[in-house]
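The values are calculated or read from the model by the stated rules, or taken from the named source; none is laboratory data. Since this is a predicted model, take the numbers as computed values, not measurements. Every residue, glycine as well, gets a Cβ built from its backbone with ideal geometry; the counts of neighbours run over all protein chains shown. Protein only, heavy atoms only, side chains kept; ligands, DNA and RNA dropped before computing areas. Shrake-Rupley method; radii C 1.70, N 1.55, O 1.52, S 1.80 Å.
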Amino acid sequence: MSKKTLAIELSKIKRFDGPKDELEQHITEPDIAAQALWAAHMNGLIKEKTIVDLGAGTGVLGIGCLLLGAKKVIFVEKDLEAISVLEENLLRIKEDYEEIGETEIITKDVTVLGRVQADLVVQNPPFGTRNAHIDKAFLEKAMEISDVIITMHKTETDQFIRNLFESNNFKVLQADKVFFPLRMTLKHHRKKTEHIRVTCWYARRNS
Ligand code: SAH
């Protein structure tokens, strides 16, 4: 699988049917998802690994991991409508790629998720715009689950996120700035496409 093929495959992922404002449902654009996952793949973080996708939505990040050879991906999402699109996406990808790894869907609020362990957490969580501090709750849960994390947050929270990693004994390996188009998805946005600055973080627990 090349990076280009990955981006093309991810562009076929079905998006949220009626994205819910209160859950901050914003898909990671396929090219951004492909970029983020490819960097992880090149560092050996995906192939043969067990990976958790927190706030999985319609599955673009976790499905990208499956296409890059993950052994198993656990999708955690609380919204049933998003999960039904995710299931559709998983069915299609399993038809197209017979060798794909194992999948599991956990229908749960991330903040009350029980004990789960994985080699890697990938997440583009809600940014905390509608539900204050949910971004922090997702990141804290991610650090419970895994020693390696790829996570996306609004660039304006960079200092806060860096401090959170460091105070939990995690080292930031890389922090890439990306532009996130919020495409007409959220009702209260007046402009058709609004860009927000997002940082994609790669971090690992200090050994
Ligand atoms: N990871 C997906 C979706 C990002 S949008 C992608 O990259 O495209 C954030 C997702 O988190 C939404 O699907 C939303 O329903 C989900 N979400 C929000 N709060 C949640 C919570 N407390 N527990 C579980 N999922 C949550």
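Scanning the range 67-86 for residues that are within 13 Å of the ligand (Cβ to nearest atom) and of a type outside the set (Val, Ile, Thr) gives PHE75, GLU77, LYS78, ASP79, LEU80, GLU81, ALA82, SER84, LEU86. Among residues of the range 94-111 that are more than 21 Å from PHE138 (Cβ to Cβ), those with a Cβ under 7 angstrom from a residue that is within 15 Å of the ligand (Cβ to nearest atom) and of a type in the set (Val, Ile, Thr), sequence gap 6+ or separate chain, pair up as ILE100/ILE93; GLY101/VAL73.
Where helices (runs of 4 or more DSSP H) fall entirely within the range 1-111, those with at least 2 residues that are open to solvent by 50 Å² or more (accessible area, probe 1.4 Å) are at 3-11, 30-42, 80-96. Residues of the range 121-141 being under 12 Å from the mean Cα position of the chain (by Cα) and farther than 19 Å from THR58 by Cα, which ones? Matches in the range 121-141: LEU139 only.
The one condition from (1) under 19 Å from GLY55 (Cβ atoms); (2) surrounded by fewer than 20 Cβ atoms within 10 Å (Cβ to Cβ); (3) at pLDDT 90 or above; (4) within 17 Å of the chain's Cα centre (by Cα) that LEU164 does not meet is (4).
When you check LEU120 against the structure, is it closer than 15 Å to LEU37 by Cβ, touching a residue at least 60 places away in the same chain (Cβ under 8 Å) and near the ligand (Cβ under 8 Å from one of its atoms), yes or no?
Numbers: closer than 15 Å to LEU37 by Cβ: yes; touching a residue at least 60 places away in the same chain (Cβ under 8 Å): yes; near the ligand (Cβ under 8 Å from one of its atoms): no.
Taking the combined requirement at face value, the residue does not satisfy it.
Name every residue in the range 20-33 that is touching a helix residue (DSSP H, G or I) at 6+ places or on another chain (Cβ under 9 Å) and more than 8 Å from the ligand (Cβ to nearest atom), in order of residue number.
Step one: of the range 20-33, the residues touching a helix residue (DSSP H, G or I) at 6+ places or on another chain (Cβ under 9 Å) are 20, 23-25, 27-31, 33.
Selection gives GLU29, PRO30, ASP31.
Let's see how each residue does on (1) within 12 Å of the ligand (Cβ to nearest atom); (2) free of Cβ contacts under 8 Å to residues at least 12 places away in the same chain; (3) farther than 26 Å from ILE145 by Cα:
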residue: SER11; (1), (2), (3): no, no, yes
residue: TRP38; (1), (2), (3): no, no, no
residue: ASP53; (1), (2), (3): yes, no, no
residue: ALA56; (1), (2), (3): yes, no, no
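Note on the range 127-140: residues that are part of a helix (DSSP H, G or I) and more than 9 Å from the ligand (Cβ to nearest atom) total 4. The one condition from (1) closer than 23 Å to LEU23 by Cβ; (2) away from the ligand (no atom under 14 Å from the Cβ) that ILE46 does not meet is (1).
Among the residues of the range 189-198, is there at least one that is outside any loop (DSSP other than H, G, I, E, B), out of contact with any Asp or Glu (no Cβ under 8 Å at 6 or more places or on another chain) and acidic (Asp, Glu)? Can you show your working first?
So in the range 189-198, the residues outside any loop (DSSP other than H, G, I, E, B) come out as 193-198.
Now narrow it down to the ones that are out of contact with any Asp or Glu (no Cβ under 8 Å at 6 or more places or on another chain): 193-196, 198.
This time we only want the ones that are acidic (Asp, Glu), so: 194.
There is at least one residue in the range 189-198 that is outside any loop (DSSP other than H, G, I, E, B), out of contact with any Asp or Glu (no Cβ under 8 Å at 6 or more places or on another chain) and acidic (Asp, Glu).
Condition test on PHE127, is it at pLDDT 95 or above and surrounded by 15 or more Cβ atoms within 10 Å (Cβ to Cβ)? The answer is no for PHE127. Looking at GLU104, GLU99, GLU144, GLU156, can you tell me which residue is more than 12 Å from the ligand (Cβ to nearest atom) and closer than 19 Å to LEU6 by Cα? After ruling out the rest, the residue left standing is GLU99.
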